[in-house]
Amino acid sequence: MSSNGIETGSPEDPPSARTQANLLGDENHKSFRRRLGTLAIILLLVNLAIGLTARGQQRSLADYAIRIYDTTIVSTNYIHQAQISFRDYAEQRIRTNGSAEFLRADESLTKAIAQLDAAIERTNSAQARTAAMAAKEKLATLFETKSEPADLAAQLKAISGNMEQLGEMGTDVVLSARDDVAELADKLERSLFITIMTSIMLAGLALLSLDRMVTTVNRSRALFSASLEGMPQGLSVIDRDLRLLVCNSKYVQMYGLDREHTKFGTPLRTILMRRSATDTGPTDFKTFMNESLASAADPTPGPIEHQYRDGRIIAVTSAPLPAGGTVSIHTDVTERRKFEKEVEFLACHDALTGLANRVQHREFIENRLAQLTQGASFTILCLDLDHFKNVNDTLGHTYGDALLRAAAERLRTLVRDTDLIARTGGDEFSIVQTNTPRHLAAAASLAERIIAAMRTPFDLGDHQVVVGASVGIAIAPCDGTKPDQIMKNADMALYRAKSHGRGTYRFFEAEMDIKAQERRFLELALRQALTAGEFELEYQPFVNLAQNRISGFEALLRWNHPTRGRIPPDEFIPLAEDTGLIIPIGDWVLRTACAQATTWPDDLRVAVNVSPLQFRNKNMAASVASTLAACGLSPNRLELEITEAVLLHNDDETRNELHEFRTLGVRISMDDFGTGYSSLNYLRSFPFDKIKIDQSFVHDLTDNPDSIAIIRAVAALGKSFSMVTTVEGVETLEQLEQMRAEGCTEVQGFAYSKAVPTSRIVAVLEDFGKLAKAAA
């Protein structure tokens, strides 16, 4: 135990043994000490009172014994001597024959009276004094008595009796005094016994208090040690001379200290030198040493952080001690600082791609606008991935996220360090191109590189995806002096690029704002069109070339706006896809087409297009079944046309969905065949009923001789797979004959009929019948 009350332990002790301190008890112990102290004081006062009482009794006993000796015993002795003198007198008087004998008798009588006087003077008993005085008076009368011997003998006998009574009275007083002394002595013994017992109790209480205090101190030391060792932080206590008083195991482990560096009294400088000498020591030794010594000598509020060579960041918080010295808490804040950096990063970066987010993108544009000098400019390129929604809808979000990360990596390779790439939406990115003297040419060049890079197939593990990109470009400050305005204009240029066939770029132009306003108006109108009954269906026949008859009709959606008239499908169908309105609209088309087909001849089928968004609905097969049951249409008369985008995610779930339709008896047709990704795999994975060759191949027959080869190959594939091949967009008799010659099963187009309302179906059938008879 050191002089300052801290137990340091031996050098062989573990660190936990050196963390014990001499602590006063807790509140319960303090309360016990107060009660024990009060009881001890009371017992001391009682013991003092008893001791003082015993002391007084002892003194009284001694005084009483002295008084009895001085009075009763001496007085009784004088009475006995008076009795002896009186007997001498009586004997001498009885024998008196002459004057000499009288004289001697009177001397004895005088001596007896004198002795009675002494007894009267010494006695403290009023009764004895009265009796002695009476005896004295009787003795005094003898001087004058001249009686005859016989009378004298009687008188002397009477006086002798009185003298004997007086002697007995003295003896009784002595015996009574002896009893009083014995009683006082007994009381004194009891007082002494009580005093001894009280002293024993005080000694027991003192021992109990000492044991309780030792137990409390030991418990406090154990709790103190456990608390220090249980701390997740390191702790060290340094005295005013900058020497170690105590530390815990976490402190030793944190800095890799040896046992000799944790001894009581080890200089702080020695410990710091050891900490800096390890492989994981601080990166800046000089700053570390100066700050550590200064903080130990004069602690300042707040933690001091040090970076270590192993990547750790240790924060040290110090506080002064009342008696001098410093207590320090050492906390490893590495993970906390890492988390803070991650939070700070996520605050201005996109979590998926690591690119800047909208917040950082906006701040960057604001800073660039504020720093623009006269005549300077910068460019914003807004782009999104073409057909990304199809990938997300068919392959799933996992592949969609992988595609976004891959696209972000490609974009990073296309820009300079001074440029900023941001992800501003689902599949939307933005690039701020700075320091470009020829900004128009530089922006166009970057846009072309972006389009080329995004057109290259992406390898996403077990899937290869081809998307593409469209780019919109705005120039600051020409196209806006505020971030929102510039980004809005770049976004409008992007929509112009997408509306012109995708895979291209456009610069912002003033009329684009007008187009954007029109799009917003169209979206609002589209949301109201279904409930307002503005949609209707028209039907275009597809003709079986071998049988020379109409085998069915394809349902085509039309929108009759009350003020704008008929709006072309290529304007509102993409908008319905983008907004998700295609789902309720598609349900309406399915119900309406099936209901109207029930009025047709039983050998005619109705074909309904299904959007990838509709196909994602896991209850679509049940919806189709309920629709057929509600309108009474035979399932084999319904033909669902799906695009290859539905089959991008070629997995068991997709095939199961298709087989559910097959189980219902519904026919499945692959629309726009040859314009997608890997159509041959789809033909092998699911036995379609029909393949529809896209009309673009028919339109290119004149300008592109390869188109007829593609049509021929697809027709051969359909024949080998026992599938019907239908060619769309056949408008002339020459095209019709070519399709017949290539072995196509069906054709569809203006060569036979345009799309007509359901009320014209009967007329179309009649007209075709007449033409067929004429041709025969």
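The values are calculated or read from the model by the stated rules, or taken from the named source; none is laboratory data. Everything quoted here is computed from the prediction, not taken from an experiment. Every residue, glycine as well, gets a Cβ built from its backbone with ideal geometry; the counts of neighbours run over all protein chains shown. Keep in mind that these areas ignore ligands, DNA and RNA; they rest on the heavy atoms of the full protein, side chains included. Shrake-Rupley method; radii C 1.70, N 1.55, O 1.52, S 1.80 Å.
Every condition in (1) at pLDDT below 85; (2) in a helix (DSSP H, G or I); (3) open to solvent by 40 Å² or more (accessible area, probe 1.4 Å) holds for Tyr677 except the one numbered (2).
Within region 269-282, if we keep just the residues that are modelled with pLDDT under 80 and among the hydroxyl-bearing types (Ser, Thr, Tyr), the residue that is most open to solvent (accessible area, probe 1.4 Å) turns out to be Thr280. When we screen Glu534, Glu518 for residues that are surrounded by 15 or more Cβ atoms within 10 Å (Cβ to Cβ), of a type outside the set (Gly, Ala, Ser), within 28 Å of Pro562 (Cβ to Cβ) and over 47 Å from the mean Cα position of the chain (by Cα), the only hit is Glu534.
Here Thr266 meets each of (1) modelled with pLDDT of 85 or more; (2) open to solvent by 60 Å² or more (accessible area, probe 1.4 Å); (3) among the polar types (S, T, N, Q) with one exception, condition (2). Exactly one residue out of Leu604, Leu613, Leu557 is farther than 21 Å from Ser759 by Cβ and open to solvent by less than 40 Å² (accessible area, probe 1.4 Å): that is Leu613.
Restricting Thr215, Thr317 to those that are free of Cβ contacts under 8 Å to residues at least 12 places away in the same chain and either farther than 26 Å from Arg337 by Cα or open to solvent by less than 80 Å² (accessible area, probe 1.4 Å) (or both) reduces the list to Thr215. The residue that is surrounded by the most Cβ atoms within 10 Å (Cβ to Cβ), counting only those in region 291-301 that are out of contact with any strand residue (DSSP E or B) (no Cβ under 7 Å at 6 or more places or on another chain) and either farther than 16 Å from Arg243 by Cα or of a type in the set (Lys, Arg) (or both), is Thr300. Among residues of region 91-109 that are modelled with pLDDT of 70 or more, those with a Cβ under 7 angstrom from a residue that is surrounded by 13 or more Cβ atoms within 10 Å (Cβ to Cβ) and assigned to a loop (DSSP other than H, G, I, E, B), sequence gap 6+ or separate chain, pair up as Phe102/Thr96; Ala105/Thr96; Leu109/Leu142. Does Ala114 satisfy being buried (at least 22 other Cβ atoms within 10 Å of the Cβ) and of a type outside the set (S, T, N, Q)? Spelling it out, it is not the case that Ala114 is buried (at least 22 other Cβ atoms within 10 Å of the Cβ) and of a type outside the set (S, T, N, Q). In region 335-349, the count of residues that are open to solvent by 50 Å² or more (accessible area, probe 1.4 Å) and aromatic (Phe, Trp, Tyr) is one or more.
Would you say Ala621 is modelled with pLDDT of 85 or more and open to solvent by 20 Å² or more (accessible area, probe 1.4 Å)? When the stated conditions are applied, Ala621 does not pass them. Pairs are defined by a Cβ separation below 7 Å, a sequence spacing of at least 6 or placement on different chains, a first member in region 544-556 that is closer than 17 Å to Arg667 by Cβ, and a second member that is assigned to a strand (DSSP E or B) and among the charged types (D, E, K, R); the pairs so defined are Asn544/Glu746; Ser551/Arg605; Ser551/Glu746; Gly552/Arg605; Gly552/Glu639. For Phe542, the criteria (1) more than 20 Å from Val764 (Cβ to Cβ); (2) in contact with a Gly (Cβ under 7 Å, 6 or more places away or on another chain) hold in every case but one, which is (1). I want to confirm something. Restricting to region 448-465 and keeping residues that are at pLDDT 90 or above and either in contact with a Leu (Cβ under 9 Å, 6 or more places away or on another chain) or of a type in the set (A, V, I, L, M, F, W, C) (or both), which single residue is most open to solvent (accessible area, probe 1.4 Å)? Among them, the one singled out is Arg449. Among the residues of region 234-262, the ones that are surrounded by fewer than 18 Cβ atoms within 10 Å (Cβ to Cβ) and over 16 Å from Leu293 (Cα atoms) come to 5 in all.
Picking from residues in region 321-334 that are surrounded by fewer than 15 Cβ atoms within 10 Å (Cβ to Cβ) and not aliphatic (A, V, I, L, M), the one that is farthest from the chain's Cα centre (by Cα) is Gly324. Only a single criterion out of (1) open to solvent by 10 Å² or more (accessible area, probe 1.4 Å); (2) touching a His at 6+ places or on another chain (Cβ under 9 Å); (3) more than 28 Å from Trp600 (Cβ to Cβ) is not satisfied by Leu701, namely (2). A Cβ distance below 8 Å, combined with a sequence gap of six or more or placement on separate chains, defines the contacts here; from region 290-310, residues that are under 12 Å from Ile238 (Cβ atoms) reach residues that are among the small types (Gly, Ala, Ser) and loosely packed, with under 12 Cβ neighbours inside 10 Å in the pairs Pro299/Ala319. Considering every residue within region 278-295, establish whether at least one is of a type in the set (Lys, Arg) and out of contact with any Asp or Glu (no Cβ under 7 Å at 6 or more places or on another chain). Yes, region 278-295 contains a residue that is of a type in the set (Lys, Arg) and out of contact with any Asp or Glu (no Cβ under 7 Å at 6 or more places or on another chain). The set of residues in region 364-403 being modelled with pLDDT under 85, among the hydroxyl-bearing types (Ser, Thr, Tyr) and under 26 Å from Gln433 (Cβ atoms) consists of Thr373 alone.
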